[in-house]
Amino acid sequence: MGYEETWRRSVDEPEAFWAEQATLIDWHTPPRTILDDANPPFRRWFVGGTTNLCHNAVDRHLRVRGDQLAIVAVSTETNVTREISYRELHREVNAFAATLVELGVGKGDRVVIYLPNVAEAVFAMLACARIGAIHSVVFGGFAAHNLALRIDDAEPKLLVCADAGMRGGKVIPYKPLVDAALDESRCPPPHVLIVDRGLDPGMKTRPGRDVDYASLRERHLDATVPIVWLESNEPSYLLYTSGTTGRPKGVQRDVGGYAVALALSMTAIFDLPPGQTILCTSDVGWAVGHSYNVYGPLIGGCTAILYEGLPTHPDPGIWWRLCETYGARTMFSSPTALRILKKQDEAWLKKHDLSALKWIFVAGEPLDRPTYDWLTQGTGKTVIDNYWQTETGWPALSLMPGLDLKPVKPGSPGFPTFGYRMRVIDEATGEDKAPGEKGVLVIEPPLPPGCLGTIWRDDERYVRSYFGHFKELLYSSLDWAVRDADGYVFILGRTDDVINVAGHRLGTREIEESVATLGAVAEVAVVGVADELKGQVPVVFATLRQGVADHPVDVAHAMERRVVELLGGLARPACVYVVAALPKTRSGKLLRRSLQALVQGSDPGDLSTLDDPGALEEIRRVLVRGPHCGARRA
Ligand code: AMP
């Protein structure tokens, strides 16, 4: 069956379609009902079925693939490569699970994992899944305050961390960040389990609270921890993502639907039959990392390469070398990472034998034409853009080489994948847009298996944030899109105040709230501005309180420091402008879009509602003079 027929069946006969796909995984008890859609927009897939992600990712492969590599964890920071077979993975996961049990973690308890891209992150995730605990991996680049917010929302029984990460040869201590986050947190967990990599000899521990993993691992290396079977719709993990307010949203994933969707995506989208290898350059802290560094490849019986390090170290051929060494068939990366490689000598693309590599998938942000051309021409491979969100958990738009590869149209992530009935509609009227017209991308419920079930402990916010935008009950992905006459969808950026920095989502509101914690700041507006390398970067405009206005440069630097301190380096403003007034409408609404246009040198739009036209003129002058902190952008 080709793409059209398969997709049509997935949306017109969802129960029959997904009942067939359910056989891709092992069930302890088969599902009673394939889809319960009685309470939209909530829906439940594979109701009554019991299964387990760890069983499907590890145990069920032992008989046939015990000696096959499951994970290859490569660190070009510590110069350590660990090749871990499915049998060894089983042993490590059991040891980790026994440790969790010893520390009092059980079914339904949350475990926050704050680890770099190392094998222990995979062991910890799978160990949680094994015993029915809910993991919440927090990206290692997040600062203490961000970590504290996530801890307070998840209320974990345990936090797992490393002594340190490393980036570009520099040790980044994690433990002091954890200590600061726990000091700030309202409900710190009773224990912190430390994976000590020996990178931070000066690491301080708190007796009674902090536990060293190495000694517990030793004790539990031959443990067998029974699988805890979960009903398909019970939570497997939380993954926090930025919204338009400072409070992160805990995207809640289920068990059965997620496993089935990933299993199907591995073959149909990523063209990875069991036994094949994928190099996914994401971090386990992101959605792509959860799905295609860990669960997808392992559920699919594949080998996953996990990478800690820069794409350019020890040389810009490192990723291609890994593809060659392990015979990767599919590579999955982000436009930002590839733009970094594009700045290097093109010869690196030709240095390694890439005969096993068939597909290069990219996701997370728009793939620009020059990067697409450079990559296709340099490698001779098919480059496949795919679109998704933390919420969807797997690609929502993609071409599907494992099923029926349609021609690539550069700039488009292709067509809806299975179970996604998408429309492009008018922002105001909700009417469908004609081909070629810009509108808002929406998904008709029920959302397919694998997508979020709700926001952790906040059903109301789930309904409001995703389904509350139109008269009809439609999931809004909050992206502008256009569909061409052939049905290819093109994504044109976000409709909300979220910006995409190097493929990572940041709420401008979060950054504003951080800047506003400085007493010297009166008012602040943050906008995302186009950047050649990172896609977008945050730019801060602020007005100061009286009395400090004489020291704009000092305050601008303090703003930058505060953002990094509270949100991490990812959110570091590219520049800070101190201005006399921010542009507002007469009703007091900040005109962020006009500010963004001014910085980018484009049309600031309809200014008829502007309260003080002089404010924009002043901002134009400030832009010409240059920022008070950071590099000039104008
Ligand atoms: P996140 O949940 O952090 O992965 O961010 C999801 C957002 O990233 C989407 O809503 C889009 O705005 C953007 N995005 C993801 N993939 C693509 C893509 N292939 N092309 C354009 N934008 C993308």
Distribution of pairwise C-alpha distances over the range 302-385, 10 Å bins, in %: 17, 58, 25, 0
For M166, residues with placed amide H under 5 Å, excluding near neighbours: I172
Residues whose placed amide H lies under 5 Å from that of F418, excluding near-sequence neighbours: none
Label-point separation, K343 to N39 (7 Å along Cα→Cβ), nm: 5.1 nm
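Note the full-extension length gain between D152 and E427 as 0.36 nm times their separation in residues minus their Cα-Cα distance, in nm to one decimal.
Length difference between fully extended and current span is 95.5 nm.
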With every protein chain in place, the chain: carbon and sulfur % of accessible area (1.4 Å): 50 percent
Amide H contacts of T382 (H built 1.01 Å from N, under 5 Å, at least 5 apart or other chain): I360
Heavy-atom surface of the range 1-98, accessible at 1.4 Å and reported per residue (Å²): 45 Å²
Computed E for A180/D212 - FRET, C-beta separation, R0 22 angstrom, nearest 0.05: 0.60
Virtual spin-label span in nm between D496 and K471, 7 Å along Cα→Cβ: 2.4 nm
Helix-only mean residue ellipticity at 222 nm for the chain, each DSSP H run of n ≥ 4 adding -39500 (n - 2.57), per residue, nearest 500: -8500 deg cm²/dmol
Value of Rg to Rh for the range 417-506 (Rh from inverse mean 1/r over Cα pairs, i.e. Kirkwood): 0.96
Å² of accessible area per residue within the range 475-634, as computed with a 1.4 Å probe and no ligands counted: 43 Å²
Tail weight of P(r) past 20 Å, computed on alpha-carbon pairs of the range 42-168, percent: 51 percent
Overall form of the range 373-461 per C-alpha gyration tensor (a/c, 1.5; a/b vs b/c): oblate
The chain: radius of gyration over Cα atoms, expressed as a fraction of 2.2 N^0.38 Å: 0.95
Label point at L405 placed 7 Å out along Cα→Cβ; residues across the range 1-29 whose backbone nitrogen lies under 18 Å: 1-4
Within the range 561-580, backbone nitrogen closer than 18 Å to the virtual label 7 Å beyond the Cα of E532 toward Cβ: 574-575
Whole-number accessible area per residue in Å² for the range 274-360, which is evaluated in the context of all protein chains at 1.4 Å: 30 Å²
Dimensions (Å) - the range 260-361, Cα atoms, principal axes, largest first: 41, 29, 18
Antiparallel content of DSSP bridges confined to the chain, in %, to 5: 60 percent
With 5 Å bins from 0: P(r) over the range 526-634, alpha-carbon pairs, percent: 2, 12, 22, 24, 20, 13, 5, 0
Cross-link table K406/K438; K433/K534; K107/K358, entries beyond 29 Å C-alpha to C-alpha: K433/K534; K107/K358
Candidate aspartates and glutamates - alpha carbon under 13 Å from K204, same-chain residues fewer than 8 apart omitted: D163, D179, D196, D212
Cα convex hull volume per residue for the range 211-304 (Å³): 169 Å³
Projected area, mean over directions - the range 109-225, Cα convex hull, nm²: 7.1 nm²
For the range 111-123, Karplus couplings with θ = phi - 60° (6.51, -1.76, 1.60), whole Hz, Gly/Pro x: 10, 8, 10, 10, 10, x, 6, 10, 4, 4, 5, 5, 4
Cut-off 10 Å between beta-carbons: net charge of the residues surrounding D59, Lys and Arg +1, Asp and Glu -1: +2
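The values are calculated or read from the model by the stated rules, or taken from the named source; none is laboratory data. The shown structure was predicted, so the numbers you read here are calculated from the model rather than taken from an experiment. Methodologically, a virtual Cβ is constructed for each residue, glycine included, from the backbone with ideal geometry; neighbour enumeration extends over all protein chains shown. Note: areas computed on protein heavy atoms with side chains; ligands, DNA, RNA excluded. Shrake-Rupley method; radii C 1.70, N 1.55, O 1.52, S 1.80 Å.
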